[in-house]
Amino acid sequence: MTQKPTSDALVLFGASGDLANKMLYPALQAMVKRDHFDMPVIGVSRSEWDDAHLRDHARDSVQQSHTMDKPAFDKLAGMLHYVPGDYRDPATFDKLQQALNGAKHPLYYLAIPPSTYSDVVKGLDRIGATRGARVVAEKPFGRDLASARSLNQTLHHVFEEDSILRIDHYLGKETVLNLPYFRFANSFIEPIWNRNHIRSVQITMAETFGIGSRGKLYESLGAIRDVVQNHMLQVVAMLAMEPPQGEHGEAFRDEKVKVFKSIRPLTAEDVVRGQYQGYRQEQDVAADSDTETFAALRLHLDSWRWAGVPFFIRAGKRMAVTATEVMVELKRPPQKVFDEPRPRHPNHVRFQLGPDRVAIGIGVRAKRPGPAMVGEDMELFVCDQKHEGMSAYERLIGDAIRGDVSQFDREDGVEEAWRIIEPVLKQPTSLYDYAAGSWGPAEADALIAHYGSWQAPRVKS
Ligand code: BG6
């Protein structure tokens, strides 16, 4: 891998926004605490703040995340500077240039709506601050294939592809990174990891909470754009990819893009959309909103390894539990040897991806002690522990600073993901309502019925 220059300043566009508040300041403090971060942080936004105001804001943010570490925070506070201004105003970028103080490799974090990317890129270009720099763009990258292409063009106008880091925080999660690690660091998995042994794969991303104060944004997204096009498809890619030639550089991304290319565009028969009862009464939500807060999907992968194995996804808000889990169901043994009712659950491999827990369980049958040859379902745990390591943002900001692009989305990957889901965005399917605290609309059960039923994630705290 060619060594890329390490960033020497972090510029946070959208410094007063929700993402910076919830995710970025706590991640920066955690990095400082580990001695992984030491550079000026220049917050930019329209709010008429000064350095002191930004520091207070960052302190509140870290306190709200319950991670305050005073020495680390004080150190971070000393790195924070603020530049107020409109992204269309050249004066904003003149002030930014001064604040950059000769930094040669700034990292620009675009925690701002994609509609403002083009103004920022123009402003940076005008002050000659894009050479040697990198840019981080948040998900979802665009709202369909055409807008993703246009955003790519905007960024490519001044940045090379390997300086554009399209972030999807799922790719920084310990639990998600454990999927390819578990697959490719062991030899016993590979022989069964294909259509000969696997019957179906299901991924559930359930959240008990609703949209909170994000009504305005969520109305423009819906569950498919918010989490399926990105987080869920990335999990599918990690489960389905061929072994990459090493962990760095383009190897991972090449293999993930091949998976995306093998996935058929969705049709109406493969999707069930739902909306929780009460959603239309949420703040900033239209009284006749057609936005889905739940989606269940069936994906078909046309590849040698996966042909005929359906990948089911369901993701929803205001569900029965908060948990993300992958259930890989294996085929039943070919013959019935023991005179017992067929086991209800065949073998499986289960990955718990969240919240805050790394668990891999292998479902087996074992004989119950006693005279009869009858058994029971059991689960062997490869690991089952609370995850207290780096947060996803912490890891990915660290990667971005070092210029390691392997866990960021590439142009072709993001466009392929839109290609897969675009047909059902252009022609939305029926919307079914579901009770808050349930598992979504009953119609989602029909999607999977031929393969059994949705498995509720096993929640453990
Ligand atoms: C975000 C979505 O990207 O991911 C949210 O916009 C969702 O709607 C969140 O709640 C889930 O992330 P995590 O890390 O809590 O599983």
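All of the numbers you see were taken from the coordinates with simple rules; none came from a lab. Here the structure is a predicted model, which means the values were calculated and not measured. As a convention, Cβ positions derive from the backbone with ideal geometry for all residues, glycine included, and neighbour counts pool all protein chains shown.
Touching a strand residue (DSSP E or B) at 6+ places or on another chain (Cβ under 8 Å), assigned to a helix (DSSP H, G or I) and within 16 Å of the ligand (Cβ to nearest atom): does that describe VAL227?
Values: touching a strand residue (DSSP E or B) at 6+ places or on another chain (Cβ under 8 Å): yes; assigned to a helix (DSSP H, G or I): yes; within 16 Å of the ligand (Cβ to nearest atom): yes.
Taking the combined requirement at face value, the residue satisfies it.
Quick check on the range 125-140. Is at least one of its residues of a type in the set (Val, Ile, Thr), away from the ligand (no atom under 16 Å from the Cβ) and surrounded by 22 or more Cβ atoms within 10 Å (Cβ to Cβ)?
Keep residues of the range 125-140 that are of a type in the set (Val, Ile, Thr), which gives 127, 130, 135-136.
Adding the requirement that they be away from the ligand (no atom under 16 Å from the Cβ) leaves 127, 130, 135.
Then keep just the ones that are surrounded by 22 or more Cβ atoms within 10 Å (Cβ to Cβ); that gives 135.
So far as the range 125-140 goes, yes, one or more of its residues are of a type in the set (Val, Ile, Thr), away from the ligand (no atom under 16 Å from the Cβ) and surrounded by 22 or more Cβ atoms within 10 Å (Cβ to Cβ).
Restrict the check to the range 263-286 and report whether at least one residue is among the acidic types (Asp, Glu) and either out of contact with any helix residue (DSSP H, G or I) (no Cβ under 9 Å at 6 or more places or on another chain) or more than 19 Å from ILE448 (Cα to Cα) (or both).
If we filter the range 263-286 for residues that are among the acidic types (Asp, Glu), which is where we start, we get 269-270, 282, 284.
Those still in the list that are either out of contact with any helix residue (DSSP H, G or I) (no Cβ under 9 Å at 6 or more places or on another chain) or more than 19 Å from ILE448 (Cα to Cα) (or both) too: 282, 284.
Scanning the range 263-286, I find at least one residue that is among the acidic types (Asp, Glu) and either out of contact with any helix residue (DSSP H, G or I) (no Cβ under 9 Å at 6 or more places or on another chain) or more than 19 Å from ILE448 (Cα to Cα) (or both), so the answer is yes.
Among the residues of the range 368-413, write down those that are more than 16 Å from the ligand (Cβ to nearest atom) and among the aromatic types (Phe, Trp, Tyr).
Taking the range 368-413 as the starting set, the residues that turn out to be more than 16 Å from the ligand (Cβ to nearest atom) are 368-385, 398-406, 410-413.
Correct list: PHE381 only.
Report those helices (runs of 4 or more DSSP H) wholly inside the range 59-131 carrying at least 1 residues which are among the acidic types (Asp, Glu) and over 18 Å from GLU48 (Cβ atoms). Break it down stepwise before answering.
Values: elements: 70-79, 90-100, 117-126.
Counting at least 1 such residues, we get 70-79, 117-126.
Here's a check for you: in the range 415-459, which residue that is in contact with a strand residue (DSSP E or B) (Cβ under 6 Å, 6 or more places away or on another chain) and farther than 23 Å from TYR276 by Cα is surrounded by the fewest Cβ atoms within 10 Å (Cβ to Cβ)?
Per the stated criteria, the residue is TYR451.
Please determine, by comparing only the residues of the range 193-219 that are in a helix (DSSP H, G or I) and surrounded by 15 or more Cβ atoms within 10 Å (Cβ to Cβ), which one is nearest to the ligand (Cβ to nearest atom).
Step one: filter the range 193-219 for residues in a helix (DSSP H, G or I), giving 215-219.
Remaining after also requiring surrounded by 15 or more Cβ atoms within 10 Å (Cβ to Cβ): 215, 218-219.
On the way: GLY215: 12, TYR218: 8, GLU219: 13 Å.
Once the filter is applied, the top-ranked residue is TYR218.
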